[in-house]
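**Student:** My questions will all concern the structure given below.
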Amino acid sequence: MTGINRDIYLMAALWVVLSLVSPATSAPYIPGWPAEVGAVHFSSPAVADIDGDGKREVAVATWDDRLYLLTSDGRISGGFPVGTPKTAGEGEENSPVLADIDDDGLLDIVFLSNEGKLVALSADGKPLPGWPKTLDGTSDKASPVVQNLTSYRGLEVVAAVETASGVTVYAFHGDGTPIKGWPIDLEGARSPSLSVGDFDGDNTADVIVSAGSNVYAFYYNGKRIDGWPVTVGSAKISALTIADIDGNGGETILFGTSDGSGYAVDGRGRVRAGWPVKLCSGTITAAPAPADIDGDGSVEIIFVVGGAHLTSSTVFAVDARGYEIDGFPLKVNETVAAAPIAADVDGDGLPEVIVATGCGKIWAFGAGGETAYGFPLSVSGGKITATPTATDLDDDGGIDLVIATDGGTVEAISMGAPYNTDSCPWPTYGGNHWRSGKYHARETNVLDFDVRAKSDSLLVSWESSPSSERTAWRVLRAPKDDGLPGEYVKLAEMSQEISGRYSYEDKEIEGGETYYYVVQEVMTDGSAVEYGPKIVTAPRASASPVSVTKILNAYPNPFSSSINVPIQIGEDAGDIGYTVKVFDLSGKVVRTLASDYAQPGEYSVEWNAEDDGGNAVADGIYVIRLSTDDKRIVFSRSIILTRDG
């Protein structure tokens, strides 16, 4: 280490030390907050628009076995709280789940009560048909998780409870019927936790269970996956996280142990090279948080060594190889029992590591271990053992933190920085309000969808391979209003197709009007990744029927970069498909420009002088050919590509 680098390192270390002993700042609350509920121990708030009114609500479970739903301004929603507080203090580790398990378009609330009842409620607090389910076990239960495990209507719910002889894992369809192959008994296991994700790469979701010193892996039908369980000796395993930590498409199961080690295990049950990492001699009980905190494109993994009865805690950050990140570890002279999250709370575009303490403080650390400006924050409810949630609760475009306290308050704090989901990669317990424990690297998603004008409609189409991390697709449309998109409305929501091909024909349009189209990819955690918009003008109704199918004059011709090819589909084509293709002079197909059903009207396709593989073609003469599928009609035109002129 050079003298300059040593000085920089020492200055950074001094800044960290000074930050950790700095006085806390009083929390800037959103109007209407804090809200009084009951003591909350380990139950992370879940935040989403549950009732479909366009405003977010907060679901939280209290120590006395009551489930609350709070409005965005801190009021208790009608029909809540729900619960039967007969065994107070025995279900504190469960966090509510928000997911549309019955496929009615609205989110539901799933919760495992102290009494062992797995409940599913609508936004008004009423049980869904087929629920609740009674799970026989002791007070040690895993927070339920939701995932799209089967092709059955709705989503599936997975829950685990400790029994006198071990752990029992249950799996139900959204209507409350058990999935064939479940429940599963794990003899001798203890202290379960759950996660779901496609870690074996077969495009179907898998169920991961940690219990005692073992991690088990099951297919959706309850069959155990080869290579599992993974055993770590006598140490106890923390809650789990699943992430693609090196960007190669393969999932890694991440967890800590009671002897202070961090583990990374691949989909075949093999411990990855460089792991386990001995972090310390303390106990890791909380699930690690994955996030690219330094913006280098690679995922870092955050572990916290702490507990409800300790006087200090340590925050570790390691890379995919298990190497510690500069600036870490950080010692916090307060107990940290909640799991860490990662969200951009200072507006610099990078997520901070956020931990809550038993002293009622919220800390946020940057990639170099520095304390974020304005932190630590002090909340009014005192001790915090529940993982915070980062969101935009009041829909003002700014990021907020929602915290539940042991003192019986739920607190919503405005951070004064923009809210950007891409820079909030791990915003709550389990990473999302499905509690799936699955990390999504959303920034890598791309989708090129097409909107094409037909004679009396607009056709939206795209292709995308099936994925276990996706539940559905949506098509939205907005009219052009003073040069900007107006209000978007949902036109369609469609399930995944094995073919990977999707289309929606929009006939509710006005000729000559301009529309904006957006395609949304609905993820397994309930969030939606948005693509577009694409802007297109609807065709005007033809004054007279088109009778003849042909290619009109392509322009410009000759061309140097792209050429527009107008086509006319006439009534002579009949109710059959047609294609438009580009051929070279040897008769080889260079590019397919269109493939559709023959509905009379005038259309336009464009060729950018590339082949079907996206490669630029050579200068020369090419032939555009329009043909019906039955080859009754074939029409050709020659075009010239020359880049010299």
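**Student:** Scan segment 425-435 residue by residue and report those that are more than 12 Å from Ala287 (Cα to Cα) and either touching a Ser or Thr at 6+ places or on another chain (Cβ under 8 Å) or without any contact (Cβ under 8 Å) to a residue 24 or more places away in the chain (or both).
**Tutor:** Start the filter on segment 425-435 by keeping residues that are more than 12 Å from Ala287 (Cα to Cα), which leaves 425, 427, 432-434.
Pro427, Asn432, Trp434, listed by residue number.
**Student:** Now a separate question. With the checklist (1) in contact with a Lys or Arg (Cβ under 7 Å, 6 or more places away or on another chain); (2) of a type in the set (A, V, I, L, M, F, W, C); (3) in contact (Cβ under 8 Å) with a residue 60 or more places away in the chain in hand, flag the one item Leu149 doesn't pass.
**Tutor:** All conditions pass for Leu149, except number (1).
**Student:** Tell me, which residue of segment 231-245 that is among the β-branched types (Val, Ile, Thr) and open to solvent by less than 10 Å² (accessible area, probe 1.4 Å) is farthest from Val157 (Cα to Cα)?
**Tutor:** Ile245
**Student:** Could you identify the single residue in Arg268, Arg272 that is among the charged types (D, E, K, R), more than 17 Å from Lys438 (Cβ to Cβ) and either at pLDDT below 90 or open to solvent by less than 20 Å² (accessible area, probe 1.4 Å) (or both)?
**Tutor:** Working: Arg272 fails: either at pLDDT below 90 or open to solvent by less than 20 Å² (accessible area, probe 1.4 Å) (or both).
The unique qualifying residue is Arg268.
**Student:** Quick one: in segment 397-425, of everything that is more than 17 Å from Gly38 (Cβ to Cβ) and of a type in the set (D, E, K, R), which residue is surrounded by the most Cβ atoms within 10 Å (Cβ to Cβ)?
**Tutor:** Taking the candidates together, the pick is Asp400.
**Student:** Next up: Name every residue in segment 231-250 that is within 17 Å of Val196 (Cβ to Cβ) and either in contact (Cβ under 8 Å) with a residue 60 or more places away in the chain or assigned to a strand (DSSP E or B) (or both), in order of residue number.
**Tutor:** Matches in segment 231-250: Ile237, Ala239, Leu240, Thr241, Ile242, Ala243, Asp244.
**Student:** I'd like to check which strands (runs of 3 or more DSSP E) are fully inside segment 537-641 and have at least 2 residues that are in contact (Cβ under 8 Å) with a residue 60 or more places away in the chain and more than 22 Å from Ala453 (Cα to Cα). Steps first, please.
**Tutor:** Details: elements: 563-569, 577-583, 589-597, 601-607, 620-628, 634-641.
Counting at least 2 such residues, we get 634-641.
**Student:** Assuming Ser191 fulfils every condition listed in (1) more than 23 Å from Ser43 (Cβ to Cβ); (2) open to solvent by 30 Å² or more (accessible area, probe 1.4 Å) apart from one, which condition is it?
**Tutor:** Of everything listed in (1) more than 23 Å from Ser43 (Cβ to Cβ); (2) open to solvent by 30 Å² or more (accessible area, probe 1.4 Å), Ser191 misses just condition (1).
**Student:** Continuing with this model, one more query. Only one residue in Tyr216, Tyr263 is under 29 Å from Glu334 (Cβ atoms), open to solvent by 10 Å² or more (accessible area, probe 1.4 Å) and in a strand (DSSP E or B). Which one?
**Tutor:** Numbers: Tyr216 fails: under 29 Å from Glu334 (Cβ atoms).
It is Tyr263.
**Student:** Right, another one. May I ask you to list the residues in segment 81-91 that are surrounded by 14 or more Cβ atoms within 10 Å (Cβ to Cβ) and either within 14 Å of Asp108 (Cα to Cα) or at pLDDT below 90 (or both)?
**Tutor:** Looking only at segment 81-91, we keep the residues that are surrounded by 14 or more Cβ atoms within 10 Å (Cβ to Cβ), and these are 81-83, 85, 87-88, 90-91.
Hits for segment 81-91 are Val82, Gly83, Pro85, Thr87, Ala88, Glu90, Gly91.
**Student:** While we're on this one: Step by step: first the residues of segment 1-47, then only those that are at pLDDT 90 or above and farther than 13 Å from Thr409 by Cα, then the one that is surrounded by the most Cβ atoms within 10 Å (Cβ to Cβ). Which residue is that?
**Tutor:** Ala46
This table checks each residue for (1) surrounded by fewer than 20 Cβ atoms within 10 Å (Cβ to Cβ); (2) free of Cβ contacts under 8 Å to residues at least 12 places away in the same chain; (3) under 21 Å from Gly430 (Cβ atoms); (4) more than 21 Å from the chain's Cα centre (by Cα).
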residue	(1), (2), (3), (4)
Val277	yes, no, no, yes
Pro288	no, no, yes, no
Ala291	no, no, yes, no
Val305	no, no, yes, yes
Cys359	yes, no, no, yes
Gly382	yes, no, no, yes
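**Student:** Conditions: (1) touching a helix residue (DSSP H, G or I) at 6+ places or on another chain (Cβ under 8 Å); (2) part of a loop (DSSP other than H, G, I, E, B); (3) open to solvent by 10 Å² or more (accessible area, probe 1.4 Å). Ser436 meets all but one. Number of the miss?
**Tutor:** (3)
**Student:** Continuing with the same structure: If I go through segment 152-167 residue by residue, how many of them are part of a loop (DSSP other than H, G, I, E, B) and within 28 Å of the chain's Cα centre (by Cα)? Give the derivation first.
**Tutor:** First, the residues of segment 152-167 that are part of a loop (DSSP other than H, G, I, E, B): 152-155, 163-165.
Restricting the remaining residues to those that are within 28 Å of the chain's Cα centre (by Cα) gives 152-155.
Result for segment 152-167: 4.
**Student:** Here is a list: Asp572, Asp596. Which entry is among the acidic types (Asp, Glu), open to solvent by less than 30 Å² (accessible area, probe 1.4 Å), at pLDDT below 85 and closer than 23 Å to Ser457 by Cα? Lay out the reasoning, then the answer.
**Tutor:** Details: Asp572 fails: open to solvent by less than 30 Å² (accessible area, probe 1.4 Å).
Testing whether each residue is among the acidic types (Asp, Glu), open to solvent by less than 30 Å² (accessible area, probe 1.4 Å), at pLDDT below 85 and closer than 23 Å to Ser457 by Cα leaves just Asp596.
**Student:** Quick check on my filter: what residues within segment 304-355 are touching a strand residue (DSSP E or B) at 6+ places or on another chain (Cβ under 9 Å), in a loop (DSSP other than H, G, I, E, B) and among the β-branched types (Val, Ile, Thr)?
**Tutor:** Answer for segment 304-355, where residues must be touching a strand residue (DSSP E or B) at 6+ places or on another chain (Cβ under 9 Å), in a loop (DSSP other than H, G, I, E, B) and among the β-branched types (Val, Ile, Thr): Ile325, Thr335, Val336, Val345.
**Student:** Read through the list (1) surrounded by fewer than 20 Cβ atoms within 10 Å (Cβ to Cβ); (2) at positive phi, then give the number of the only condition that Gly327 fails.
**Tutor:** (1)
**Student:** For segment 253-260, does any single residue satisfy the condition of being polar (S, T, N, Q), over 19 Å from the mean Cα position of the chain (by Cα), closer than 28 Å to Cys280 by Cβ and open to solvent by 60 Å² or more (accessible area, probe 1.4 Å)? I'd like the intermediate steps shown before the answer.
**Tutor:** If we filter segment 253-260 for residues that are polar (S, T, N, Q), which is where we start, we get 257-258.
With the extra rule that they be over 19 Å from the mean Cα position of the chain (by Cα), the set shrinks to 257-258.
Then drop every residue that is not closer than 28 Å to Cys280 by Cβ, which leaves 257-258.
Still in the running and open to solvent by 60 Å² or more (accessible area, probe 1.4 Å): none.
No: zero hits.
The values are calculated or read from the model by the stated rules, or taken from the named source; none is laboratory data. These numbers were taken from a predicted model, which means no experiment stands behind them. Don't worry about glycine lacking a Cβ; one is built from the backbone with ideal geometry, like all the others, and counts go over all protein chains shown. For the accessible areas, the whole protein counts, side chains as well, though only heavy atoms, and no ligand, DNA or RNA atoms are used. Shrake-Rupley method; radii C 1.70, N 1.55, O 1.52, S 1.80 Å.
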